[in-house]
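Each value in this text was obtained by applying a stated rule to the coordinates, not by laboratory testing. Quick caveat: nothing in here was measured; it's all calculated off a predicted structure. Every residue, glycine among them, receives a Cβ derived from its backbone with ideal geometry; neighbour counts consider all protein chains shown.
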Amino acid sequence: MYLISAILLFWVVFVFWVRRELAEAWSEPCLRSPVLVFEGDDWGFGPTEQAQALLDIAEVLGRHRDAQGRCPVMTIGVILSGPDPTQPENAEAGLGLDDEKLVCVRSAILKGVNAGVFSLQLHGMQHYHPQVLARACRSDPALAEWRRRHLPSTEDLPPALQSRWTDGSVLPSRALDPQDIHRRVVAEVAEFRRVFGTDPVVAVPPTFVWSEEVETAWAAAGLRVLVTPGERYESRGADGLPTDSGHFYHNGQRCDSGLIAVVRNDYYEPVRGHRASNGIAALTRKWAQRRPLLLETHRSNFVGRQARHQDSLAAIDSLIAEARKRYPTLCFVSVEALADAYATGGSALLDHGLPARLRALPSRLLTTGRRRKVLLLLCVLTVFAVALTV
């Protein structure tokens, strides 16, 4: 009797330990079929070589179809502007995507959008905060030199300065003025509309550092969807790394700001050695959880000093082919369409049945080795205790 009581107590403690995750895992909608989306970041301002890279990616994506005849989609997290080398002392001066130097990049992006293989996301006016970068340039000649280059790559900036929505010129980083945030959000949404002729729908924060103020401003400006890594990072610590805020997100969540959250939940970076087997393993895990697989991948795989363009194209091609082979019901949709399904309860993508939730729940909860070990121990002890009482 004492053993049974002790084990029941352990079960209560375990459930209490995972209570937040349990509630979110149960409330998060379940997919009807596997979903794969490539989440491409950092495209737009930068080297003109990316124009051909974008055309090549679009060609690879266009080779494939799912069972409904849809092509795979790569979201294009767009950076709208960057430093104007002719005005190095003017922090706010920038070259936009309709500048004659960058029109080829804009054209390649729109060609992919029209072909149905690219979906636009607002990544930011710049992949940095202009005034923050200006402060950093005063004490760092290398940064000042970067700003004077012709179409420099923002990937070359220190990570803390690539965070647009916090002051990373000092560490730990400092919060920005709310009025500055709202003014810049309004400006970047207007620039997106001017350059592409349409309003942005999806926002993806640079380096995933942002605040409630930013989120609220995006919603007020008309955006509907927020791409997250599952948690909001609001600043960078003394070590330069994003700091936990304790504010978590799950797919389909209606945020306090009114935005619908979608979780980007894995990586596919061929320059880091990722190949089809890595993508298939991730897809298998997410399908067991009845969640979509949103694979983060960056421009640096295709353009830049460390890029391996042809290898990266082959890695995407082979992953899609293997995914279609392993999962015949695989769906290719945009993040915008996925978020709309979450918001409306779209039955074409979502399974609202109890069996789907029950199947997904263990896989959603047991995402860490520690939880799996604790649950296994509890199960063994429970079986042992039941055997003793029979």
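Quick one: grab Rg to one decimal and Dmax as a whole number for the chain, Cα atoms only, in Å.
Final numbers for Rg and Dmax: 22.8, 84 Å.
Want the number for ASP156 to ASN114: 0.36 nm per residue separation, take away the alpha-carbon distance, what's left? All intermediate terms of the calculation are to be shown ahead of the outcome.
Working: separation 42, 0.36 × 42 = 15.12 nm, distance 3.08 nm.
The span from ASP156 to ASN114 would gain 12.0 nm if fully extended.
Once fully extended, how much extra length lies between THR329 and SER245, figured as 0.36 nm per residue of separation less the alpha-carbon to alpha-carbon distance? Each step should come with its number before you reach the end.
Numbers: separation 84, 0.36 × 84 = 30.24 nm, distance 3.73 nm.
Computed gain between THR329 and SER245 is 26.5 nm.
Roughly what % of DSSP beta bridges within the chain run antiparallel, to the nearest 5? Working shown, then result.
Working: 11 of 39 bridges.
Antiparallel bridges: around 30 percent, rounded to the nearest 5.
Using 0.36 nm times the number of residues separating SER107 and GLU59, minus their current alpha carbon distance, what extension gain do you get? Mind showing how you got there, number by number?
Working: separation 48, 0.36 × 48 = 17.28 nm, distance 1.47 nm.
Length gained, SER107 through GLU59: 15.8 nm.
Using a simple spin-label model with points 7 Å from Cα along the Cα→Cβ vector, what separation in nm is obtained for ALA356 and VAL170?
For ALA356 paired with VAL170, the spin-label model returns 5.1 nm.
For GLN121, list long-range residues whose amide hydrogen, built 1.01 Å from N in the peptide plane, is under 5 Å from its own amide hydrogen.
So GLN121 has HN proximity to ILE76, GLY77, VAL78.
Along the range 190-195, what does the Karplus equation 6.51 cos²θ - 1.76 cosθ + 1.60 (θ = phi - 60°) give for ³J(HN,Hα), rounded to whole Hz, x for Gly and Pro?
5, 5, 4, 5, 5, 6
When the helix-only estimate is applied to the chain (DSSP H runs of n ≥ 4, each -39,500 (n - 2.57), divided by the residue count), what is the mean residue ellipticity at 222 nm, nearest 500 deg cm²/dmol? Show your work: numbers first, answer last.
Details: 14 runs with 172 residues, N = 390.
My calculation for the chain gives -14000 deg cm²/dmol from helical runs alone.
Helix 369-389 versus the longest principal axis of the chain: what is the Cα-based angle in degrees, 0 to 90, to the nearest 10?
10
Can you give me the long-range amide H partners of TYR267? Hydrogens built in the peptide plane at 1.01 Å from N, cutoff under 5 Å, separation of 5 or more residues or another chain.
Here GLU296 satisfy the definition.
I'd like the FRET efficiency for ARG275 and THR48, computed as 1/(1 + (r/R0)^6) with the beta carbon distance as r and R0 of 35 Å, rounded to 0.05.
Calculated value: 0.75.
So, in nm, how far is label ALA238 from label ASP98 when the simple model puts each one 7 Å beyond its Cα toward the Cβ?
Rounded to a tenth, the inter-label distance reads 4.8 nm.
Let's see if you can work this out: charge +1 on each Lys and Arg Cβ, -1 on each Asp and Glu Cβ, no other charges. What is the dipole magnitude of the chain about its Cα centre, in debye to the nearest 20?
On the way: 44 positive and 43 negative charges, 328 e Å.
The calculated dipole for the chain is roughly 1580 debye.
Given the options GLY69, GLY279, GLY304, which has the most mean-square fluctuation in a GNM of the chain, springs set between C-alpha atoms less than 10 angstrom apart?
Its mean-square fluctuation being the largest, the pick is GLY69.
Suppose R0 equals 45 Å; then what is the FRET efficiency for ARG149 and SER347 from their Cβ-Cβ distance, rounded to the nearest 0.05? Display every interim value, and only then the final one.
Working: r = 51 Å, r/R0 = 1.14.
Calculated transfer efficiency: 0.30.
Where in the range 62-166 are there GluC sites (Glu not before Pro) that are in a DSSP coil and have at most 16 other Cβ atoms within 10 angstrom of their Cβ? Working shown, then result.
On the way: sites: GLU89, GLU92, GLU100, GLU145, GLU155; in loops: GLU89, GLU92, GLU100.
In loop regions of the range 62-166 (DSSP not H, G, I, E or B), the sparsely surrounded GluC sites (Glu not before Pro) are GLU89, GLU92, GLU100.
Give me, ordered by chain and number, the residues 5 or more places off CYS331 or on other chains with an amide H under 5 Å from its own placed amide H.
Amide H neighbours of CYS331, under 5 Å, 5+ apart: VAL35, LEU36.
For the Cα atoms of the chain, what angle does the longest principal axis make with the long axis of helix 50-61, in degrees from 0 to 90, nearest 10?
That helix lies at roughly 40 degrees to the long axis.
For the chain, set up a GNM with springs between Cα atoms under 10 Å and report which of THR154, THR198, THR329 has the largest fluctuation.
THR198
With θ set to phi - 60° and the Karplus curve 6.51 cos²θ - 1.76 cosθ + 1.60, what are the ³J(HN,Hα) couplings of the range 278-288 in order, to the nearest whole Hz, using x for Gly and Pro?
5, x, 5, 4, 5, 4, 4, 5, 5, 5, 4
Build a GNM of the chain with springs between Cα atoms under 10 Å: which of LEU366, LEU120, LEU313 gets the top mean-square fluctuation?
Answer for the Gaussian network model of the chain: LEU366.
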